[in-house]
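Here is the structure we will look at.
The values are calculated or read from the model by the stated rules, or taken from the named source; none is laboratory data. Note that the structure is predicted; figures quoted are calculated from it, not measured. We place every Cβ from the backbone using ideal geometry, glycine too, and count neighbours over all the protein chains shown. Remember, those area values only see protein heavy atoms, side chains included, never the ligands or the DNA or RNA. Shrake-Rupley method; radii C 1.70, N 1.55, O 1.52, S 1.80 Å.
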Amino acid sequence: MSNAVQEELSLISNSGKSKKKRWGLVITGVVGGTLVALYAVATPFVAPALRKICLPYVPATPTQVENVLKMLNSRSGPVVDIGSGDGRIVIAAAKKGFQAVGYELNPWLVWYSRYRAWREGVNHKTTFYISDLWKISFSRYTNVVIFGVPQMMPQLEKKLEMELDECARVIACRFPFPHWIPKHVSGEGVDTVWTYELDTLKKYKESRSVDQNQIPSDLV
């Protein structure tokens, strides 16, 4: 075999190896980029599940939204949704004329909520924050909506009782507070909402404290 033919075959072989190497790098880059993208998207959803108290994303049903709005009838002042998810409660309240705020730990859901509010023409009446509910105060809100889980309700009950004014109303969805007595209950099953009036709760607590103090010491 001539030297020219050998050189040509060598060039063809090297060219094939070079193409395979380039394709290998391309595939590696695509796979790596996909994994990074999936990690970026999935982490905000998975991370809350690793917390001691998890508030999972479960979209509110149309009936739940309707029941919440019923409990906001004749109310004034701002509305806050704790764990606002995709923003549907905040947006629905804004459409009813409220200045509405949502707090959500998942940034993707917050960005999507802002987009939905803009698309539906209520972005001027809504605000969404990426925030941990345990690190902020709700003292400035007179209407509080919460889609909670049983594990968090006792701790949240104490937090809201300390922070909220007596004129505040709290609307719990799916799960009630363990010690508070609701003033109104609307809906059934997973669509049930419990409404609590802070002035009634505090008066009841004060009356119980007075009753306890009136018990003779020898009977305590």
Residue within the stretch 179-189 that is modelled with pLDDT of 90 or more, under 22 Å from the mean Cα position of the chain (by Cα) and among the hydrophobic types (A, V, I, L, M, F, W, C) present: no
Pairs, first assigned to a helix (DSSP H, G or I) in the stretch 146-167, second exposed (fewer than 15 other Cβ atoms within 10 Å of the Cβ), C-beta under 6 Å, six or more apart: M153/P178; P154/P178; E163/S137; E163/S139
Near pairs, Cβ below 6 angstrom, 6+ apart or cross-chain, from the stretch 88-117 (closer than 15 Å to I130 by Cα and touching a residue at least 12 places away in the same chain (Cβ under 8 Å)) to any residue that is among the hydroxyl-bearing types (S, T, Y) and open to solvent by 20 Å² or more (accessible area, probe 1.4 Å): V101/T127; Y103/Y129; Y103/S131
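Each row is one residue, and each column tells you yes or no for (1) within 18 Å of N67 (Cα to Cα); (2) touching a helix residue (DSSP H, G or I) at 6+ places or on another chain (Cβ under 6 Å); (3) of a type in the set (G, A, S); (4) modelled with pLDDT under 95.
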site	(1), (2), (3), (4)
I91	yes, yes, no, no
Q99	no, yes, no, no
S113	no, no, yes, no
D132	no, no, no, yes
I136	no, no, no, yes
N143	yes, no, no, no
Which numbered condition Y115 fails, given (1) open to solvent by less than 30 Å² (accessible area, probe 1.4 Å); (2) over 14 Å from the mean Cα position of the chain (by Cα): (1)
Given (1) of a type outside the set (K, R); (2) within 19 Å of Q99 (Cα to Cα); (3) in contact with a helix residue (DSSP H, G or I) (Cβ under 7 Å, 6 or more places away or on another chain); (4) open to solvent by 20 Å² or more (accessible area, probe 1.4 Å), number of the condition F175 does not satisfy: (2)
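Identify all residues within the stretch 178-196 that are farther than 15 Å from N143 by Cα, part of a loop (DSSP other than H, G, I, E, B) and either open to solvent by 30 Å² or more (accessible area, probe 1.4 Å) or among the basic types (K, R) (or both); write none if there are none. Working first, answer last.
Narrowing the stretch 178-196 to residues farther than 15 Å from N143 by Cα: 178-181, 185-192.
Add one more test, that the residue is part of a loop (DSSP other than H, G, I, E, B), and what stays is 178-181, 187-188, 192.
Selection gives P178, H179, I181, G187, E188.
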Residue count, the stretch 150-172 (criterion: of a type in the set (A, V, I, L, M) and either at positive phi or open to solvent by 50 Å² or more (accessible area, probe 1.4 Å) (or both)): 1
